[in-house]
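Asker: What follows is a structure written as structure tokens; I'll ask about it next.
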Amino acid sequence: MERFFFFIISLLLISTVAFDDSDPLIRQVVPDPEQQISTDHHHLFSLFKTKFGKAYATQDMHDYRLSVFKANLRHAKRHQLLDPTAEHGVTKFSDLTPSEFQKTYLGLNKKVLAFPADAEHAPILPTSDLPEDFDWRNLGAVTPVKNQGSCGSCWSFSTTGALEGSHFLQTGELVSLSEQQLIDCDHECDPAEKNSCDSGCNGGLMNNAFEYILKSGGVQKESDYPYTGKAGKCHFDKTKIAASVSNFSVIGTDEDQIAANLVKHGPLAIGINAAWMQTYIGKVSCPYICSKKRLDHGVLLVGYGSAGYAPSRLKEKPHWIIKNSWGPNWGEDGYYKICSGYNLCGMDTMVSAVVSTSS
């Protein structure tokens, strides 16, 4: 009821607010966030270009990107109204249209995941003794945030992240694994769905990638098969396998079971609807509207918290901690927080765990 009430209020605000560039809901892009500056969009665009190293080949392109940037300021303000517990504003994607952003930086090949042939249904785990807060980053199971660049390879980063964590649990060694091997060599398909093949920078699925790893024997280290951000010829060397998958499981939509599997098996590969992520800066995202079916981005679930925010009109609520693959200069040092308990943006819908590895 509380969420519904604030949703209605936000819709009324959207229908009446004038989206001028002086709206304080936009967090400014400045080296010192406390610095007070003019909110003229030309000035903001200049700061944006400096901060993110943006340059454009022609004046026409510059002017076009300025117009897109201005539209994204309004877009961020709308997001702020409908997601008031997060911070939305200028990000490194603010000169891209939503369609450009989706085409370039997202990469999940389909909306619904069928049960893969070699996966198991995750058994029901006890949940009575789960810790109140949990974060695999604090336990050494998560590599630094990586950057997929302008390649729709998010699915490969989600896959390697889950395998890196599981390998750490098995061996005590944290090894950065190769996404490029998956981009170049993995063309696995889901037989239950057409057009579901893993396709490098054109998208893929984490469970397809786990199937590939099972069949190929494993994945090399990042240092042995480095990331280029574009599809290339496969040069997988089986003598340099660093980690492999013995089994993996698909987890249902019960969030307590997701938390239990996270604690037991390490970081989990998940799909999510990234509709709110282009403008996301930080804090806990809890949007009033977000499709649970239109999954378009693969990420890594690394932990959860019992209380991520406490605005005066809302109680503190639990949240999931998600590692993204857009570099550390996006979100909260490369991470995304989304409130739990609602299957928001479909984050419960496509969840997989690597249950054992060998090396």
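The values are calculated or read from the model by the stated rules, or taken from the named source; none is laboratory data. Only a predicted model underlies this, so the values are computations on that prediction, with no experimental measurement involved. Don't worry about glycine lacking a Cβ; one is built from the backbone with ideal geometry, like all the others, and counts go over all protein chains shown.
Conditions tested, residue by residue: (1) surrounded by 22 or more Cβ atoms within 10 Å (Cβ to Cβ); (2) at pLDDT 95 or above; (3) in contact with a His (Cβ under 7 Å, 6 or more places away or on another chain); (4) not acidic (Asp, Glu).
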site: Glu211; (1), (2), (3), (4): yes, no, no, no
site: Lys221; (1), (2), (3), (4): no, yes, no, yes
site: His235; (1), (2), (3), (4): no, yes, no, yes
site: Ser244; (1), (2), (3), (4): no, no, no, yes
site: Gly252; (1), (2), (3), (4): no, no, no, yes
site: Ala259; (1), (2), (3), (4): yes, yes, no, yes
site: Leu262; (1), (2), (3), (4): yes, yes, no, yes
site: Gly266; (1), (2), (3), (4): yes, yes, no, yes
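Asker: May I pose another question? Identify all residues within region 249-307 that are of a type in the set (Phe, Trp, Tyr) and either without any contact (Cβ under 8 Å) to a residue 40 or more places away in the chain or assigned to a strand (DSSP E or B) (or both); write none if there are none.
Answerer: Once the filter is applied, which keeps residues that are of a type in the set (Phe, Trp, Tyr) and either without any contact (Cβ under 8 Å) to a residue 40 or more places away in the chain or assigned to a strand (DSSP E or B) (or both), region 249-307 yields Tyr280, Tyr304.
Asker: Further question on the same structure: In the set Cys197, Cys154, which member is surrounded by fewer than 19 Cβ atoms within 10 Å (Cβ to Cβ) and within 20 Å of Ser352 (Cβ to Cβ)? Step through it out loud before you land on a result.
Answerer: On the way: Cys154 fails: surrounded by fewer than 19 Cβ atoms within 10 Å (Cβ to Cβ).
Being surrounded by fewer than 19 Cβ atoms within 10 Å (Cβ to Cβ) and within 20 Å of Ser352 (Cβ to Cβ) holds for just one of Cys197, Cys154, which is Cys197.
Asker: Another question, then. Before we move on, is Gly308 over 15 Å from Thr85 (Cβ atoms), surrounded by fewer than 24 Cβ atoms within 10 Å (Cβ to Cβ) and at pLDDT below 95?
Answerer: no
Asker: What number of residues within region 330-344 satisfy the criterion of being modelled with pLDDT of 95 or more and either of a type outside the set (Asp, Glu) or more than 21 Å from Gln148 (Cα to Cα) (or both)?
Answerer: Number of matching residues: 7.
Asker: Report, by residue number, each residue of region 160-208 that is outside any loop (DSSP other than H, G, I, E, B), under 22 Å from Gln102 (Cα atoms) and modelled with pLDDT under 95.
Answerer: Result: Asn202, Gly204, Met206, Asn207, Asn208.
Asker: Let me ask something else. Which of (1) under 19 Å from Leu262 (Cα atoms); (2) surrounded by fewer than 21 Cβ atoms within 10 Å (Cβ to Cβ) does Asn202 not meet, given it meets every other one?
Answerer: Of (1) under 19 Å from Leu262 (Cα atoms); (2) surrounded by fewer than 21 Cβ atoms within 10 Å (Cβ to Cβ), only one is false for Asn202: (1).
Asker: Among the candidates Gln170, Gln148, single out the residue that is touching a Cys at 6+ places or on another chain (Cβ under 9 Å) and in contact (Cβ under 8 Å) with a residue 24 or more places away in the chain. Reasoning before the result, please.
Answerer: Numbers: Gln170 fails: touching a Cys at 6+ places or on another chain (Cβ under 9 Å).
So the residue among Gln170, Gln148 that is touching a Cys at 6+ places or on another chain (Cβ under 9 Å) and in contact (Cβ under 8 Å) with a residue 24 or more places away in the chain is Gln148.
Asker: Here's a check for you: in region 67-105, which residue that is among the polar types (S, T, N, Q) and over 19 Å from Ala55 (Cβ atoms) is nearest to the chain's Cα centre (by Cα)?
Answerer: Out of the qualifying residues, it is Gln102.
Asker: Do the conditions hold for Gln148, that is, is it surrounded by fewer than 18 Cβ atoms within 10 Å (Cβ to Cβ), of a type in the set (S, T, N, Q) and either out of contact with any Lys or Arg (no Cβ under 9 Å at 6 or more places or on another chain) or in the same structural domain as Arg137 (by TED's automatic domain parsing) (or both)?
Answerer: So Gln148 fails the test.
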